[in-house]
1. If you take every residue apart from residue 25 with its C-beta less than 12 Å away from the C-beta of residue 25, what net charge results, scoring Lys and Arg +1 and Asp and Glu -1?
2. In nm, to one decimal, how far is the modelled label at residue 5 from the one at residue 67, with both set 7 Å along Cα→Cβ?
3. Nearest 500 deg cm²/dmol is fine: what mean residue ellipticity at 222 nm does the chain get from its DSSP H runs of n ≥ 4 alone, each adding -39,500 (n - 2.57), divided by its residue count?
4. Using +1 at the Cβ of each Lys and Arg and -1 at the Cβ of each Asp and Glu in the chain, identify which of 40, 28, 17 lies farthest towards the dipole's positive end.
5. Please list, in order along region 6-16, the HN-Hα scalar couplings obtained from phi with the Karplus expression 6.51 cos²θ - 1.76 cosθ + 1.60 (θ = phi - 60°), rounded to whole Hz, x for Gly and Pro.
Amino acid sequence: MPDSSWQALYRAALAEPDLNKLDDRIEVARSAIHKCLQQIELGDSSDSRERERLENALRALFTLPTRRRVA
């Protein structure tokens, strides 16, 4: 089963109030998510639910800077 630490990094990015720190938080979370996706692809795991959660998180992180700056 993939490491769930990506979730803590993802939540930290979502909760980051400082726009100056937001890009760094997002990059750290994206990196952890990509690592988990690679583990899923390399392993025997075919956990489609976990893959979907990871992909949804990546999409949310992609739009987060725009949503924060508009808000």
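1. Net of charged neighbours comes to -1.
2. 2.5
3. Values: 3 runs with 58 residues, N = 71.
Per the formula, -28000 deg cm²/dmol.
4. 17
5. Values, residue by residue: 4, 5, 5, 5, 4, 4, 4, 5, 4, 8, 5 Hz.
All of the numbers you see were taken from the coordinates with simple rules; none came from a lab. All of these numbers come straight from a predicted model, not from anything done at the bench. So basically every Cβ, Gly included, is an ideal-geometry build from the backbone, and we count neighbours across all protein chains shown.
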